[in-house]
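See below for the structure under consideration.
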Amino acid sequence: MDGPRRLMAGVVRAADAPEGLRAGTVRRVFAFSRPHWGRLALFLTLTVLAAVLAVSSPLLAGRVVDEVVRGSEVSVVVWLAVAIAGLAVVDAGLGLAGRWQSSRIGEGLIHDLRRAVFEHVQRMPVAFFTRTRTGALVSRLNNDVLGAQRAFTTTIAGLVTNVIQLVLSLAVMMTLSWQVTALALVLLPVFVLPARRVGRRVADLQREASTLNAAMTTQMTERFSAPGATLVKLFGRPVAEAAEFGDRAGRVRDIGIRTAMATRWFMTALQLVSALAQALVYGLGGYLALTGELAPGTVVSLALLLTRLYSPLTALANVRVDVMTAMVSFERVFEVLDLEPAIVERRDPLPLPPGPVSLEFADVRFTYPSADQVSLASLEEVAVLERRDPQEVLHGISFRAEPGELVALVGSSGAGKSTIASLVPRLHDVDSGAIRLSGVDIRDLSFDTLRATVGVVSQDSHLFHDSIRGNLLYAKPTATEEELHAALTAARLSPLIATLPQGLDTVVGDRGYRLSGGERQRLTIARLLLAQPSLLILDEATAHLDAESETIVQAALTEALKDRTALVIAHRLSTIRAATKILVVEDGRVIEQGTHESLLAEGTRYATLYRTQFANPTAA
């Protein structure tokens, strides 16, 4: 009898059940599930038929007993047995068909929800990802999507099945014997009430275990990454880390034991109550049968129907919990889908004029968006989003880079150089002013055009845990072997590839950590060369490299810069002396501009920066 298990699960879920839903959630759920309505109707039809069969079998079983007691023909008993067997076969077929439909509906919903969320999140600005906890976002794609799927494959089906089975069982039992039915209903509180206390206790234990498991997952994720593992080894804390992890794991173990024992006591008690209820039914039913008020087969039918009465009653006792839990999962998914991307594409984008590309900043002002504009408190795992008065970080930036020119940005850390560079590929949007490529505002271009035109190499360019080939093809999926090797040659990586046993199919590891810093940077340059952008942005591309690696990477960059417009950010002023124009940025403003020689001759901020780096005149 699975009534105790269902009751236990329902009470545990009730501990965390929400009190209400946002207006319109149910309407949106049905609108989202519209493509699956046909299969859902068929699934519910199969469920109804299965519920009817579940009540029919006990009646036939009782009929068999009555026929035996009467001494009927053997053929009658045989045909009744055949009918019971036939119902079992049909019930099994309905179960398989229902499971098939349930799987199609559930997996279809999972696919639709995950794809919708993934596509929507991909359109969010970078500011969204800098604030959001990755684990919380992944949970929406996994746990909440699965919870939403259960609304259709489990909750609705269970509700329909239990209501029909309960109504039919009660109706049939009442027609067979109202006295036995009343006794069964009187004993129901004895079956339900013990679950409340134990269920809440188990819910508390599970909540504590979930918190500990989340902490262990966070610790594993951070410590098992290449940077985290390196930090642990450098500070010599493996023993302390293992002890901390072991302590949490031990507490989870203890909670598991206590949960198992509480559940076992609960199950034993309720199974005992169920057995006592059946004994009472047999007792009262047997008495009525001996007094001639009931047929012997009717007593058997009542006892079998009792098992089909407690199960739906206990399940329906927690139906609100099941429905609310499933709906909240939908609500959490919709919460992500309702967060509008701060940067959107124009519906009728303009084309970019053919030929070399110029870059123009025209009185650009910019303020980083506040948390409530780009994020959700639940995704940051905070109660309330951070609120700060927005501070403008760029104040009227204006300059122009003609086709084929190299414009360099220099200045103190935090002056706004990287912010300027991030505005060109629309990682953020300007508050006022305009950024133009060949005279066209970048907000009027399609995202595809912008991506094809602008290429970026940063100081920490990201590589996926994939092969060298896979990381290169991310820039140009249709690239041929010749194009791949040409890009690697230009990026000064061909000698390295030749020494690798698997060549281009060598996996670079998480974030490319199997390669050295210089090799990672050259691979990102090769990826950039494969994309063939017209405008290059180099944001401290050699900042963390040693002198030898920097020399090789600079050679690769020289190849990449040929015949292209470039915007270069560099702290090492020796790398941008050949720039067509140098802009000195301080406090979000361009305070000087000119060539290397002219700025040195003026003896102002650039000259100070240069002298600071090259205090030794001979080195300068």
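The values are calculated or read from the model by the stated rules, or taken from the named source; none is laboratory data. These figures come from a predicted structure and were not determined experimentally. Cβ: placed from backbone, ideal geometry, glycine included. Neighbour counts: every protein chain shown. Note: areas computed on protein heavy atoms with side chains; ligands, DNA, RNA excluded. Shrake-Rupley method; radii C 1.70, N 1.55, O 1.52, S 1.80 Å.
What number of residues within region 49-72 are open to solvent by 50 Å² or more (accessible area, probe 1.4 Å) and of a type in the set (A, V, I, L, M, F, W, C)?
Looking only at that region, the number is 5.
Being surrounded by fewer than 17 Cβ atoms within 10 Å (Cβ to Cβ) and at pLDDT 80 or above narrows it down to one residue among 494, 516, 574, 534; which is it?
Result: 494 is the single residue among 494, 516, 574, 534 that is surrounded by fewer than 17 Cβ atoms within 10 Å (Cβ to Cβ) and at pLDDT 80 or above.
Under 16 Å from the mean Cα position of the chain (by Cα), under 30 Å from residue 369 (Cβ atoms) and touching a residue at least 12 places away in the same chain (Cβ under 8 Å): does that describe residue 127?
no
Looking at region 467-489, is at least one residue touching a strand residue (DSSP E or B) at 6+ places or on another chain (Cβ under 6 Å) and open to solvent by 50 Å² or more (accessible area, probe 1.4 Å)?
no
Table: residues versus (1) at pLDDT below 85; (2) under 39 Å from the mean Cα position of the chain (by Cα); (3) hydroxyl-bearing (Ser, Thr, Tyr); (4) not in a strand (DSSP E or B).
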| position | (1), (2), (3), (4) |
| --- | --- |
| 541 | yes, yes, no, yes |
| 545 | yes, yes, no, yes |
| 553 | yes, yes, no, yes |
| 558 | yes, no, yes, yes |
| 567 | no, yes, no, no |
| 590 | no, no, no, no |
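Please state which of the following conditions residue 165 fails to meet, knowing it meets all the rest: (1) farther than 30 Å from residue 36 by Cβ; (2) modelled with pLDDT of 75 or more.
Every listed condition holds for residue 165 apart from (1).
So residue 26 fits all but one of (1) under 24 Å from residue 105 (Cα atoms); (2) of a type in the set (A, V, I, L, M); (3) open to solvent by less than 40 Å² (accessible area, probe 1.4 Å); what number is the exception?
The number of the failed condition is (3).
If I go through region 333-362 residue by residue, how many of them are open to solvent by less than 80 Å² (accessible area, probe 1.4 Å), of a type outside the set (S, T, N, Q) and farther than 30 Å from residue 29 by Cα?
Number of matching residues: 10.
Of everything in region 267-298, what is assigned to a helix (DSSP H, G or I), open to solvent by 40 Å² or more (accessible area, probe 1.4 Å) and not hydroxyl-bearing (Ser, Thr, Tyr)? Give them in sequence order.
Once the filter is applied, which keeps residues that are assigned to a helix (DSSP H, G or I), open to solvent by 40 Å² or more (accessible area, probe 1.4 Å) and not hydroxyl-bearing (Ser, Thr, Tyr), region 267-298 yields 269, 271, 272, 275, 276, 278, 279, 280, 283, 284, 290, 296.
Do we have residue 225 as over 30 Å from residue 294 (Cβ atoms) and either modelled with pLDDT under 70 or open to solvent by less than 70 Å² (accessible area, probe 1.4 Å) (or both) here?
Yes.
Scan region 497-511 residue by residue and report those that are among the small types (Gly, Ala, Ser) and open to solvent by less than 80 Å² (accessible area, probe 1.4 Å).
Residues satisfying the conditions are 503, 509.
Any idea which of 418, 375, 370 is in contact with an Asp or Glu (Cβ under 6 Å, 6 or more places away or on another chain) and of a type outside the set (A, V, I, L, M)?
418 is the lone residue from the list that is in contact with an Asp or Glu (Cβ under 6 Å, 6 or more places away or on another chain) and of a type outside the set (A, V, I, L, M).
Could you figure out which of (1) modelled with pLDDT of 75 or more; (2) small (Gly, Ala, Ser); (3) loosely packed, with under 14 Cβ neighbours inside 10 Å; (4) farther than 30 Å from residue 355 by Cα isn't true of residue 619?
The single condition residue 619 does not satisfy is (1).
Within region 419-464, work out how many residues are open to solvent by 40 Å² or more (accessible area, probe 1.4 Å), modelled with pLDDT under 90 and closer than 27 Å to residue 586 by Cα.
Of the residues in that region, 4 qualify.
A quick yes/no check of all residues on (1) under 24 Å from residue 50 (Cα atoms); (2) of a type outside the set (Lys, Arg); (3) exposed (fewer than 13 other Cβ atoms within 10 Å of the Cβ):
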residue	(1), (2), (3)
74	no, yes, yes
80	yes, yes, no
88	yes, yes, yes
108	yes, yes, no
119	no, yes, yes
